[in-house]
Amino acid sequence: MAGLFGGSALTQARRALLSWLPFIAAIPVLWLVQYFFADQRDWEYAFQNINHIGIAIILAVSLNLVNGLTGQFSIGHAGFMAIGGYVSAVLLMRGPSEDPYRLFFIASIAAGAGAAALAGWLVGKPSLRLRGDYLAIVTLGFGEIIRVVIENTRLFGGAIGLSPIPRYADFTWIWTAAIATILVTKRLRDSTHGRAFLSVREDEVAAEAMGVDTTGYKVRAFVISAGMAGVAGALSGAFEGNLSPQSFTFVRSFEIVAMVVLGGMGSITGSTIAAAVLTLLPEYLRALANLRMVIYSIALVVLMLVRPRGLLGTREVWDLLPWRRDKRVAPRAKAPELSAALIDVRRATIRFGGLTAVSDFSLTVKPRELVALIGPNGAGKTTVFNLLTGVYPPSEGTILVRGRDTRGLAPHDIAHLGLARTFQNIRLFRELTAFDNVRLGCHHLTRESIAASVRKGELAEVEEKWINQRSEELLSVMGLLHRRDDLAKNLPYGEQRRLEIARALATDPKALLLDEPAAGTNQKEKSELMQLIRDIRDRFGVAVVLIEHDMKLVMGVSERILVLDHGVTIAQGLPREIQTNPRVIEAYLGEKYAREHAGQIAAGQVQP
Amino acid sequence: MAEFFQHIIDGISVGAIYALIALGYTMVYGVLKLINFAHGDVFMVGAMIGWYVARWTGESRSPSISGALLVTLASMLVCGCLGFVIERLAYRPLRNSPRLNSLITAIGVSFFLEYGGQYLFGPNPRVFTVLPRHPGLHAGPVSLGYVDVVTVIVSVALMIGLQRIVFHTRIGTAMRAVSFNATVASLMGVNIDRVISFTFVLGSVLAAVAGVLYASKYPSVQPLMGLMPGLKAFVAAVLGGIGNVPGAMLGGLVLGLAEQIVSGYLSSSWRDAVAFGILILVLLVRPTGLLGRGEAEKV
């Protein structure tokens with residue numbers, strides 16, 4: 001990744017500015033609309049609705065970042081909105097009475113967004129560590145606490161609320177912010193960071209194995225989303241001219257959730273459209289005002305039963321058009337790399353309760369070595385992989401990867417050290433394309449920050465191009481280029497296995513751990529796989545550790561074999577030594593058989 | 001000191017109600033790994049049905065013990081059916097889909113009950129009297145309300161009953177088996193659908209009792225009354241270790257006490273913040289709860 005840093009600060013700034021030019025050019029247009037329509041008395045009611053839509057869009061699109069892209073579930077968005085609103089309102093009400101250039105207004109919005117983002121960090125940091133539904137409850141509880149705090153704070157006007165807030169936010173301000181939110185979210189999603197968010201949603205274990213810091217990304221999504229909600233709150237206060245704690249209840253949060261779910265979790269255009277529809281609907285259903293929430297809730301339940309991913313799913317509106325397809329980049333070859341000492345496991349033991357799954361296990365893997373790990377079912381082979389990749393910490397013993405003790409490291413840290421794996425029960429990101437699966441593998445090799453991805457910094461673009469090239473190359477090595485834009489879940493079984501290998505190779509590993517790559521494949525595919533494993537070693541210069549039951553494959557490909565039985569290493573050596581080792585045959589075929597056929601075994605006529 | 005004892009007594013009484021609701025959360029979570037958000041609203045429906053039945057039988061005008069029993073039984077029956085229907089229509093079709101979907105559905109059902117209730121019942125609180133008036137017990141400055149005594153006695157009796165069902169009956173064994181591993185349980189001949197339905201019905205019946213007791217304590221009923229107690233009961237379940245039946249009881253008591261003490265010595269307006277403060281603390285310090293045990297995800 002060296003030598004990618006191009007351009008001075010000035011050129012960087014110019015590039016960023018250029019990429020935002022269409023957006024900046026849109027602001028005067030908004031202002032003209034404001035001048036000719038929004039400020040006219042006849043249009044007042046229409047523009048009140050249009051502005052409400054703009055605020056709703058900011059809220060829905062930002063919540064979509066957490067609930068849709070990252071697959072978490074926050075139902076306290078109104079709380080962050082309240083923080084942004086109140087912080088900025090308090091500043092505005094105490095600020096200078098004249099603010100001709102709206103500089104103080106901008107500062108107050110920034111302060112509101114910052115406060116909301118900080119709150120997002122405080123809430124997200126402890127609760128996002130956990131899996132499951134806790135986040136939903138914590139965010140809900142947090143939203144309620146915020147309300148209680150506001151109602152009990154004199155500074156915030158207590159239960160009555162704040163009024164009058166200078167009404168600076170008009171059509172231009174609100175829609176500039178709404179369009180900016182959409183653009184920022186879109187750029188974020190299309191960057192390598194966006195794929196990291198998606199990988200968290202699809203499969204956290206696999207994402208960690210690919211080097212994605214899943215907790216870190218959840219917190220980031222949460223903080224960004226909270227900050228955007230803060231902007232919405234600030235604008236809302238400065239638009240309405242007043243704020244009261246009653247407008248930030250659970251019901252408000254729920255409306256935003258309904259927008260995200262209805263539009264499709266992960267679809268930015270979906271959220272935008274749903275925000276508009278659900279904002280206008282109550283206006284036209286005034287007669288049914290009492291039934292509004294009943295209708296919302298029924299719609300939500302029915303939608304979950306019929307279309308669980310929302311109306312648009314993860315797609316955007318234009319994906320529904322038949323002629324859209326991405327352009328392809330021609331693949332290019334990359335030179336293999338060499339490296340020093342790799343894996344060194346010293347007397348590792350792991351116990352689950354009273355069960356010792358693997359005991360006193362030692363293994364060294366040298367660069368470019370092909371090692372196989374065999375043994376009957378339940379021998380502890382996959383557990384060894386889980387130990388190596390940091391899914392479980394060892395109860396005793398040490399594991400060194402490239403000379404570094406992995407104790408206390410998270411799986412994504414170990415992936416950074418150069419271990420990549422596949423899973424026995426394929427764990428692809430099923431709802432992402434083959435291409436995105438591989439691109440995600442490249443994620444941890446990138447350097448550029450989230451902010452730069454949004455700004456379209458030069459390095460981010462160079463990196464993105466490099467990732468695309470590398471991913472296409474890997475797909476073509478694995479013979480999957482024709483599947484580039486297919487969803488991983490739609491690939492045939494054998495291709496899914498190969499895609500998993502491609503994804504693992506994308507992390508640029510020094511050692512590749514393959515967990516039963518031949519499972520469920522036929523004879524022809526097996527011999528192809530044998531060749532493929534050798535090719536991978538030669539081309540990418542990686543060591544391969546293989547768990548496999550197919551003896552022909554194991555004997556054909558591996559240079560060294562290690563046999564586990566009941567968590568104990570019963571033999572290790574060259575393939576032909578293992579073939580005639582009586583303890584191995586006993587483990588595979590049973591004690592009785594081994595005793596009765598001792599003669600044949602000694603003569604090398606029986607093979608496991 | 002008398003004030004302190006008063007807070008303890010009030011705390012135990014509120015805590016017993018939280019514990020009754022928390023049991024429903026924890027049992028459903030145990031078998032389905034689903035946070036049944038609508039549970040707090042089943043509790044509300046229990047109170048509301050009680051109000052309707054009490055008006056219909058004339059119980060609200062001339063309260064009597066037998067009348068109160070009838071009201072409670074009626075609301076248990078209706079809530080049991082409601083729990084069954086909710087599971088059947090809203091959760092069962094989603095059993096194999098992502099957890100997020102079930103959670104959204106649960107919130108949808110919760111809102112449906114709240115706002116459907118508001119539509120039928122009207123948004124304003126109504127007075128609820130089913131228990132005969134009684135001065136309660138007094139020991140110097142400490143007073144022990146009649147409702148509190150009934151609440152504690154009924155809750156303890158129900159919890160003992162539940163403990164017997166879960167640990168000493170065939171269906172209880174089946175519940176524990178499904179909670180441990182549903183697939184294996186079904187291979188052993190356990191009818192998972194029936195066990196899950198039973199769990200919902202059982203939880204809803206307990207919530208109905210809690211609803212009637214809660215409404216008698218404050219004496220009023222309104223459509224959004226389930227929201228806060230429901231959330232707090234969930235916190236109680238997490239505090240005790242979600243999926244753990246004795247944990248839910250312990251969690252309910254601890255939460256009830258903490259709340260009373262904070263609102264007694266600090267300010268009652270901070271009362272609602274206590275539960276969520278505790279929740280965040282538990283998640284930080286001991287995510288598996290007081291009595292829960294953690295498990296690693298199998299890869």
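The values are calculated or read from the model by the stated rules, or taken from the named source; none is laboratory data. Keep in mind that what you see is a predicted model, and the values were worked out from it rather than measured. Here Cβ is always computed from backbone atoms with ideal geometry, including for glycine, and neighbour counts include all displayed protein chains. Accessible surface is based on the protein model in full, side chains and every heavy atom, while ligands, DNA and RNA are left aside. Shrake-Rupley method; radii C 1.70, N 1.55, O 1.52, S 1.80 Å.
Can you find, within segment A:189-200, the residue that is surrounded by the fewest Cβ atoms within 10 Å (Cβ to Cβ) among those that are of a type in the set (S, T, Y) and not in a loop (DSSP other than H, G, I, E, B)? The qualifying residue surrounded by the fewest Cβ atoms within 10 Å (Cβ to Cβ) is A:T192.
Listed conditions (1) over 18 Å from the mean Cα position of the chain (by Cα); (2) more than 19 Å from B:L69 (Cα to Cα); (3) of a type in the set (A, V, I, L, M, F, W, C) are all met by B:I165, apart from (1). In summary, helices (runs of 4 or more DSSP H) completely within segment B:111-219 and bearing 2 or more residues that are open to solvent by 50 Å² or more (accessible area, probe 1.4 Å) and either under 30 Å from A:V251 (Cβ atoms) or at pLDDT below 90 (or both) occur at B:146-168, B:170-180, B:182-187. Just to be sure, is B:F234 surrounded by fewer than 21 Cβ atoms within 10 Å (Cβ to Cβ) and not hydroxyl-bearing (S, T, Y)? The answer is no for B:F234. Against the numbered list (1) surrounded by fewer than 16 Cβ atoms within 10 Å (Cβ to Cβ); (2) over 30 Å from A:V184 (Cβ atoms); (3) of a type in the set (K, R), A:R368 comes up short only at (1). Taken together, the criteria exclude A:L235 from residues that are farther than 19 Å from A:G120 by Cα and touching a helix residue (DSSP H, G or I) at 6+ places or on another chain (Cβ under 6 Å).
Among residues of segment A:350-362 being open to solvent by 10 Å² or more (accessible area, probe 1.4 Å) and either among the aliphatic types (A, V, I, L, M) or touching a residue at least 24 places away in the same chain (Cβ under 8 Å) (or both), the one that is farthest from A:G541 (Cα to Cα) is A:L355.
Among the candidates A:I83, A:I75, the residue that is outside any helix (DSSP H, G or I) and crowded, with 20+ Cβ neighbours inside 10 Å is uniquely A:I75.
Considering only residues that are in a loop (DSSP other than H, G, I, E, B) and either at pLDDT 80 or above or more than 10 Å from chain A (Cβ to nearest Cβ) (or both), look in segment B:89-110 and name the one that is surrounded by the fewest Cβ atoms within 10 Å (Cβ to Cβ). Per the stated criteria, the residue is B:N96. The set of residues from segment A:209-234 being charged (D, E, K, R), surrounded by fewer than 24 Cβ atoms within 10 Å (Cβ to Cβ) and assigned to a helix (DSSP H, G or I) comprises just one member, A:R220. Criterion first (closer than 23 Å to B:V178 by Cβ and more than 8 Å from chain A (Cβ to nearest Cβ)) does B:A74 satisfy it? Answer is no for this residue.
For B:V285, the conditions (1) touching a strand residue (DSSP E or B) at 6+ places or on another chain (Cβ under 8 Å); (2) within 11 Å of chain A (Cβ to nearest Cβ) are fulfilled apart from (1). Has segment A:107-124 got at least one residue that is within 14 Å of chain B (Cβ to nearest Cβ), buried (at least 17 other Cβ atoms within 10 Å of the Cβ) and assigned to a loop (DSSP other than H, G, I, E, B)? No: segment A:107-124 contains no residue that is within 14 Å of chain B (Cβ to nearest Cβ), buried (at least 17 other Cβ atoms within 10 Å of the Cβ) and assigned to a loop (DSSP other than H, G, I, E, B). The single condition from (1) within 14 Å of chain A (Cβ to nearest Cβ); (2) over 13 Å from the mean Cα position of the chain (by Cα); (3) surrounded by fewer than 24 Cβ atoms within 10 Å (Cβ to Cβ); (4) among the aliphatic types (A, V, I, L, M) that B:V254 fails is (1).
Screening segment B:111-136 for residues that are under 25 Å from B:V147 (Cα atoms) and among the aliphatic types (A, V, I, L, M) and picking the one that is farthest from the other protein chains (Cβ to nearest Cβ) gives B:L131. Regarding segment B:30-39, can at least one residue be identified that is at pLDDT 90 or above, out of contact with any His (no Cβ under 8 Å at 6 or more places or on another chain) and in a helix (DSSP H, G or I)? Yes; the residues of segment B:30-39 include at least one that is at pLDDT 90 or above, out of contact with any His (no Cβ under 8 Å at 6 or more places or on another chain) and in a helix (DSSP H, G or I).
Taking the listed residues A:E472, A:E431, A:E464, the one that is in contact (Cβ under 8 Å) with a residue 60 or more places away in the chain and touching a Pro at 6+ places or on another chain (Cβ under 6 Å) is A:E472, with no other qualifying. The requirement of being open to solvent by less than 10 Å² (accessible area, probe 1.4 Å), more than 10 Å from chain A (Cβ to nearest Cβ), at pLDDT 85 or above and touching a Ser or Thr at 6+ places or on another chain (Cβ under 8 Å) is satisfied by B:A248. Taking segment A:237-258 as the range and being within 14 Å of another protein chain (Cβ to nearest Cβ) and open to solvent by 10 Å² or more (accessible area, probe 1.4 Å) as the test, the residues that pass are A:Q246, A:T249, A:F250, A:V251, A:R252, A:E255.
Scanning segment A:367-391 for residues that are outside any helix (DSSP H, G or I), of a type outside the set (A, V, I, L, M) and over 18 Å from A:L505 (Cα atoms) yields A:G375, A:P376, A:N377, A:G378, A:G380, A:G390.
No other residue among A:R447, A:R455, A:R470, A:R421 is open to solvent by 10 Å² or more (accessible area, probe 1.4 Å), modelled with pLDDT of 90 or more and among the charged types (D, E, K, R) apart from A:R470. Cβ-Cβ distances below 6 Å connect the following pairs, each with a first residue in segment B:12-38 that is away from chain A (no Cβ under 14 Å), a second residue that is of a type in the set (D, E) and surrounded by fewer than 24 Cβ atoms within 10 Å (Cβ to Cβ), and a separation of six or more residues or different chains: B:S13/B:D148.
Before we move on, is A:V90 open to solvent by 10 Å² or more (accessible area, probe 1.4 Å) and among the aliphatic types (A, V, I, L, M)? Against the criterion (open to solvent by 10 Å² or more (accessible area, probe 1.4 Å) and among the aliphatic types (A, V, I, L, M)), A:V90 qualifies. Being surrounded by 20 or more Cβ atoms within 10 Å (Cβ to Cβ) and assigned to a strand (DSSP E or B) is a property that does not hold for A:L553. Scan segment A:384-406 for residues that are touching a residue at least 12 places away in the same chain (Cβ under 8 Å) and either open to solvent by less than 10 Å² (accessible area, probe 1.4 Å) or within 25 Å of the chain's Cα centre (by Cα) (or both) and the total you get is 12. Residues of segment B:212-225 being closer than 19 Å to A:G141 by Cα and away from chain A (no Cβ under 12 Å), which ones? Hit for segment B:212-225 is B:M225, nothing else. Selection of segment A:125-146 for residues being charged (D, E, K, R) and either in a helix (DSSP H, G or I) or open to solvent by 60 Å² or more (accessible area, probe 1.4 Å) (or both) yields A:K125, A:R129, A:R131, A:E144. Quick one: in segment A:147-188, which of the residues that are open to solvent by 30 Å² or more (accessible area, probe 1.4 Å) and of a type in the set (A, V, I, L, M) is nearest to the other protein chains (Cβ to nearest Cβ)? Ranking the candidates gives A:V149 first.
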